[in-house]
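Working notes, structure below.
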Amino acid sequence: MDKIYFDNSATTPLAPEAREKMLEAMDIYGNPSSLHTMGVEAEKLVTEAKRNILTALGIKYLTTLDCRQLIFTASGTEADNLALLGTTGAKNYTSQKNIIISDSEHPAIMETAKELERRGFIVHKIPTADGIPDYEMIEQVADSDTILVSFMLVNNETGAIYDVRRISDIVKKANPAAIIHTDCTQAFLKIRFTAKSLGADMITISGHKIGGPKGVGALWVSPEILKKKAIVPIIFGGGQESGMRSGTENVIGIAGFGAAAKVGYEKLDEHIASITAVHDKIVSVLSDAKRFPGVELNTPDGPAAPHILSIRMPMVRSEVMLHSLSHAGIFVSSGSACSSNTGHGSYVLRAFGLDDREADCTIRVSIGAQNTLADADGFVEEFASALSSLVRMMR
């Protein structure tokens, strides 16, 4: 059997278009800050990538000044840190302010929020049981002292879609000056949205989640936030990225990111259709209770993205199933790759409503544009075989 890769929420294979653009960029090795011709050529690659990514975010690109809205970073994690630390550090607050996040955010948000608590901010964590944020609680805690909100658009373990627009409207009613950030790392070019449709002031995205290379992410910041200087840098040096992120730009990575965004945006409808078909095939087969006794899907009660499936098994620990499938050439995960080595159970699945044992017996299947119906067939066949063998061993 050929290898079947169903861990696309951890990282994706490099798109051919991204690879080609990166090879081109390797020959344009000037520093984009240099004024000579080679530097200008490198800067053009960065600008081209920004144009492609802004277009994919639904941002009208009119002049090169619009490029300032997109700040390249080394990862989505760094972009999240810049969003939270950069906005809370933009002012010297004379009174205690509060921040609102969900209880199922990516570790990049959760850990940064802990740091902000240490700095004196109050952090409200909103429950997301069954994949639905407690919107009434948001209404209760949002007030004139709420300065920042951060909710992901698509949950990286369950696929639940959080209504960022609704959250934005609630919070802006309480404090029009509050800044709305959303981590769209698992949503960008997986579901349709625009910055305007979300009502967001800042958006985090990452290259390697969409067929681009690892080592490059980005934070989109609205023109209004930039104009008010409501965000400040957290890395200091040469003042690259319009002073918002010092350090020589990773031109090769940025070029690949931009190329992946371009093709991903052009083929978005096609990709959503193929991913949905694979998703539906897996769900349909797993619904056979005789063949998959005790197997359940951790399906959100609200809307969900089609590329993430959370599958709960009877008695079989996720790590055991993961290694069994891996031995057969099928690659899935036991949760977020960013926290899978911590030794702790998934706080995201517990927030969803699972107990520790249920969370420990859950695998994540994340589908990419390259996956086929044959991949779905191969997965369910091997999953059925592995499940039967492992359950017998547990008895």
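All of the numbers you see were taken from the coordinates with simple rules; none came from a lab. These numbers were taken from a predicted model, which means no experiment stands behind them. Cβ placement follows ideal geometry from the backbone for every residue including glycine, while neighbour counts extend to all protein chains displayed.
Treating the angle as unsigned and between 0 and 90°, give the value, to the nearest 10°, between the Cα long axis of helix 164-174 and the longest Cα principal axis of the chain.
50 degrees
For Gly217, list long-range residues whose amide hydrogen, built 1.01 Å from N in the peptide plane, is under 5 Å from its own amide hydrogen.
Thr73, Ala74, Ser75, Gly207
Sort 235-242, 124-131, 292-299 by packing, meaning the average of other beta carbons within 10 Å per residue, with the highest value first.
124-131, 292-299, 235-242
If r is the Cβ-Cβ distance from Ser246 to Ala277 and R0 is 56 Å, what FRET efficiency results, to the nearest 0.05?
According to the calculation, E is roughly 0.80.
How far apart, in nm, are two points set 7 Å out from the Cα along the Cα-to-Cβ line at Val391 and at Ser95?
Result for the modelled spin labels: 5.9 nm.
Using only Cα atoms, tell me the angle between helix 373-394 and the longest principal axis of the chain; keep it within 0 to 90° and round to the nearest 10.
Taking Cα atoms only, the helix is inclined about 60 degrees.
Provide the FRET efficiency to the nearest 0.05 for the Lys267-Asp288 pair, computing r from the beta carbons and using R0 = 41 Å.
0.80
Can you compute the helix-only [θ] at 222 nm over the chain? Use -39500 (n - 2.57) per DSSP H run of at least 4 residues, normalise by all residues, nearest 500 deg cm²/dmol.
Computed ellipticity for the chain at 222 nm equals -12500 deg cm²/dmol.
Taking the Cα atoms only, what angle lies between the long axis of helix 268-286 and the longest principal axis of the chain, rounded to 10 degrees?
30 degrees
Tell me which lysines have Cα within less than 25 Å of Lys281's Cα, excluding those fewer than 8 residues away on the same chain?
Output for Lys281: Lys3, Lys190, Lys209, Lys267, Lys290.
Going by C-beta contacts inside 10 Å, put Met137, Met26, Met313 in order with the fewest on the left.
Lowest count first: Met26, Met137, Met313.
Students often check this: by mean Cβ neighbours within 10 Å, which of 14-20, 77-83 ranks highest, and how do the rest follow?
Top of the packing list down: 77-83, 14-20.
Once you have all Cα-Cα distances for the stretch 35-172, histogram them in 10 Å bins from zero and send the whole-percent values.
With 10 Å bins starting at 0, P(r) equals 10, 33, 32, 18, 6, 1.
Compute the relative contact order of the chain as a whole-number percentage, counting only Cα pairs closer than 8 Å that sit 6 or more residues apart in sequence.
24 percent.
Under a cut-off of 29 Å between alpha-carbon atoms, report the lysines in cross-link reach of Lys227, not counting same-chain residues fewer than 8 places apart.
Reachable lysines: Lys44, Lys50, Lys60, Lys91, Lys97, Lys114, Lys172, Lys173, Lys196, Lys262.
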